[in-house]
1. Is it the case, given these coordinates, that Arg49 is in contact (Cβ under 8 Å) with a residue 60 or more places away in the chain, among the basic types (Lys, Arg) and over 25 Å from Val182 (Cα atoms)?
2. Name the residues in the range 150-185 that are of a type in the set (D, E, K, R) and in contact with a Ser or Thr (Cβ under 8 Å, 6 or more places away or on another chain), would you?
3. Do we have Ala79 as among the aliphatic types (A, V, I, L, M) and in contact (Cβ under 8 Å) with a residue 60 or more places away in the chain here?
4. Assess whether Leu205 counts as being free of Cβ contacts under 8 Å to residues at least 24 places away in the same chain, under 27 Å from Ala41 (Cβ atoms) and in the same structural domain as Glu166 (by TED's automatic domain parsing).
5. Out of Ala151, Ala126, I need the residue that is among the aliphatic types (A, V, I, L, M) and buried (at least 20 other Cβ atoms within 10 Å of the Cβ). Which one?
6. Please go through the range 94-113 and give me each residue that is outside any loop (DSSP other than H, G, I, E, B) and surrounded by 13 or more Cβ atoms within 10 Å (Cβ to Cβ), ordered by number.
7. Does Pro89 count as surrounded by fewer than 19 Cβ atoms within 10 Å (Cβ to Cβ), in a loop (DSSP other than H, G, I, E, B) and more than 20 Å from the chain's Cα centre (by Cα)?
Amino acid sequence: MFRAAIFDMDGLLIDSEPYWRSAEREVFGSVGIDIDDSMSAVTAPMTTREVAEHWYAHKPWSGPSIADMETAVVARVAASMADSGAALPGVREILALCARFDWRVALASNSPAVLCQQVLRKLGIADSFAAVVSADHVERGKPDPAIYLHAARLLGIAPGECLVFEDSRTGVRAARAAGMSVVAIPSAGQAFDAGHSPHLTLATLHEFAPDHARALWARRAG
């Protein structure tokens, strides 16, 4: 049976995508870059540094540095999370299921470490996580597998014994490249690449049940 569960954060544990869109529009709008929904969709899978670098390459600005803009976006997202962040349906139930299975649990997110810790505290679930890995801890974020492989190392669990919960195409690709089994709870508009599809797709975390875990393990073992 699996020995660990690794969770993405944005769009899976907390509906933070609106916070990121709003912050991005406000911060980059201040230097003359008007970002619409289609433009936000392009940068949604990126790390915060990659987002700032992307918009600078798109339309270089003068004044604030790329690091300054990244910091400003993160600060605005942090403020929104502190004000109105709430767990998505099924978060506490699936963490309770992980405890029943005696699985070790980790977070693996493209968000900065400061936001990862803030979200876990805000949702009241920090004690459930034995390890937290963010884009700050690796050279490349998802879809590179480094975040997931680092999480497995911190847990002391082989990648093949880790079950990942993801909401995005890039996250699924990263987890599969790490050699892990993946359950997807897709965010709105997400479609998965051929050859990089999740092993199981559900509408909400609520739907994940012990039989799913057993079937996924049997499939892997087989």
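1. yes
2. Of the residues in the range 150-185, the ones of a type in the set (D, E, K, R) are 153, 161, 166-167, 169, 173, 176.
Matches in the range 150-185: Asp167 only.
3. Judged against the criteria, Ala79 is not a match.
4. Against the criterion (free of Cβ contacts under 8 Å to residues at least 24 places away in the same chain, under 27 Å from Ala41 (Cβ atoms) and in the same structural domain as Glu166 (by TED's automatic domain parsing)), Leu205 does not qualify.
5. Ala151
6. If the condition is that a residue be outside any loop (DSSP other than H, G, I, E, B) and surrounded by 13 or more Cβ atoms within 10 Å (Cβ to Cβ), then Ile94, Leu95, Leu97, Cys98, Phe101, Arg104, Val105, Ala106, Leu107, Ala108, Ala113 are the ones that fit.
7. Working: surrounded by fewer than 19 Cβ atoms within 10 Å (Cβ to Cβ): yes; in a loop (DSSP other than H, G, I, E, B): yes; more than 20 Å from the chain's Cα centre (by Cα): no.
Here the answer is no, as Pro89 does not meet what is asked.
The rows are residues; the columns are (1) polar (S, T, N, Q); (2) assigned by TED's automatic domain parsing to the domain that holds Ala174; (3) more than 17 Å from Ser16 (Cβ to Cβ).
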| position | (1), (2), (3) |
| --- | --- |
| Tyr56 | no, no, yes |
| Lys59 | no, no, yes |
| Gly63 | no, no, yes |
| Thr71 | yes, no, yes |
| Arg76 | no, no, no |
| Ala79 | no, no, no |
| Phe101 | no, yes, yes |
| Leu107 | no, yes, no |
| Gln117 | yes, yes, no |
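The values are calculated or read from the model by the stated rules, or taken from the named source; none is laboratory data. In this text the structure is predicted, and so the values were computed from the model without any measurement. Heads up, the Cβs are rebuilt from the backbone with ideal geometry, glycines too, and the neighbour counts pull from every protein chain shown.
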